[in-house]
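Some notes on the structure that comes next.
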Amino acid sequence: MFLENTVNQKEQFGWIEVICGSMFSGKTEELIRRLKRAKFARQRVEIFKPNVDVRYDEDKVVSHDSNEIRSTPVPAAANIPILADNCDVIGIDEAQFFDDEIVKVCNDLANRGVRVIVAGLDMDFKGNPFGPMPALMATAEYVTKVHAVCTRTGNLANYSYRKSKSDDLVLLGETEEYEPLSRAAYFKAMLREKVNKIDVQDPEQLPTKKQA
């Protein structure tokens, strides 16, 4: 795939792989693929996800095309090392929803010799870096950025545009809430939102000089 053979066999450290991108880009699908390959190789695998993510199933990591693998929901990143004892491979989905402790957890696991595979949104719906993802990408040995297809242009999409009017940072949803957009389409959509928010008064309702 992309992992070079270890030259110094005495160094038995693990590593971190990050799979990132917009919604509907195949992040979870790629995470599940890698974890299933590890299971097929009879490696000891555990998968975790934040317990707020119950869109498809409470106890499974499920991709948008219904590919799934059993997982353990946890309320905080600190729970992962306790439940990940004696594992060869650890998978973590929706990492952007975890607290910043997830960065230390992943690095500690890798330093113990564990292969850590993390999937998550790299940007929120406003186009800003999302939660702990930038720090995870910076400390990871391998970063894979996957793309969706823009629903408006057909080009590569790397932005998750929120169609609803909610300003909450965390809003779980699917196609009814989000759509993947290219840079150009996202810029136009956000510009249109700003224009629509401008309060334009009717000239006939403006006060005249005499009224002022």
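The table below gives the values:
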| quantity | calculated |
| --- | --- |
| Phi-based couplings in Hz for region 139-149 (Karplus 6.51, -1.76, 1.60; Gly and Pro marked x) | 8, 7, 6, 9, 10, 10, 9, 9, 10, 8, 10 |
| Distant-in-sequence amide H partners of Val18 (H built 1.01 Å from N, under 5 Å) | Val118, Tyr142, Val143, Thr144 |
| Charge context of Asn158, other residues only, Cβ under 11 angstrom, K/R +1, D/E -1 | +1 |
| Amide H partners (placed H, <5 Å) of Thr72, local residues excluded | Ile47, Phe48, Lys49 |
| Most to least packed among 135-143, 188-196, 16-24 [average Cβ atoms within 10 Å] | 16-24, 135-143, 188-196 |
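Only the coordinates and a few stated rules stand behind these numbers; no lab work does. Quick caveat: nothing in here was measured; it's all calculated off a predicted structure. Note that we place each Cβ from the backbone using ideal geometry, even for glycine, and neighbour counts take in every protein chain shown.
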